[in-house]
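The block underneath contains the structure these notes are about, expressed in C-alpha cells.
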C-alpha cells in the first residue's frame, strides 16, 4: 500500500511541476507554427533582454497604414553564442522578417529569419540555430 501511494504521489508532483514548464514553451498555441509570412519594414526598437529578445518593426499594410509588429526571438545567451548582439539590428534599419504569425491575428510573430537590406540572413531558425524552444 505504501509503494502504491508513494508512486501516486510522485506522479502527481511531477505532473504539477511539469505543466508550467511545458506551457512556457508551448508556442504552438501562441503562433501559427505551420504558417510563415514575410514582412518588410523599418526597425523601431530592439529589446535585448531575457527571456526572449523582442524586435519591433513598422510595416505598411495593404491600405498603406503603418502597423507596429512585435517579433519574439530566442534568448540573449543563445543569440550571443551565434554571434549576434544588441547592435545587430538598429532603429531605422530596413529589414525583411519572415515569421510565424500570431494565432490570435494580432501584429505579433515568432522570428524564423531576418534578412538585411544587403540580402544577408541573420537570426535564422531554418538552419537549426535559434531553435523554437
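A few notes on this one:
- Taking residues in the stretch 118-129 that are on the phi > 0 side of the Ramachandran plot and surrounded by 13 or more Cβ atoms within 10 Å (Cβ to Cβ), and partners anywhere that are assigned to a loop (DSSP other than H, G, I, E, B) and at pLDDT below 85, the pairs with Cβ atoms closer than 8 Å and at least 6 places apart or on different chains are 123/130.
- When the stretch 99-123 is filtered for residues that are assigned to a loop (DSSP other than H, G, I, E, B) and farther than 18 Å from residue 49 by Cα, the ones remaining, listed by number, are 103, 104, 105, 106, 107, 117, 118, 119, 120.
- Of the residues making up the stretch 51-81, those that are surrounded by 14 or more Cβ atoms within 10 Å (Cβ to Cβ), in contact with a strand residue (DSSP E or B) (Cβ under 7 Å, 6 or more places away or on another chain) and not in a strand (DSSP E or B) are 52, 53, 73.
- Any hit, the stretch 89-98, residues being out of contact with any helix residue (DSSP H, G or I) (no Cβ under 7 Å at 6 or more places or on another chain), in contact (Cβ under 8 Å) with a residue 24 or more places away in the chain, within 19 Å of residue 50 (Cα to Cα) and not in a strand (DSSP E or B): yes
- Flag for residue 38 being in contact with a strand residue (DSSP E or B) (Cβ under 9 Å, 6 or more places away or on another chain), part of a strand (DSSP E or B) and loosely packed, with under 12 Cβ neighbours inside 10 Å: yes
The values are calculated or read from the model by the stated rules, or taken from the named source; none is laboratory data. In this text the structure is predicted, and so the values were computed from the model without any measurement. Note that we place each Cβ from the backbone using ideal geometry, even for glycine, and neighbour counts take in every protein chain shown.
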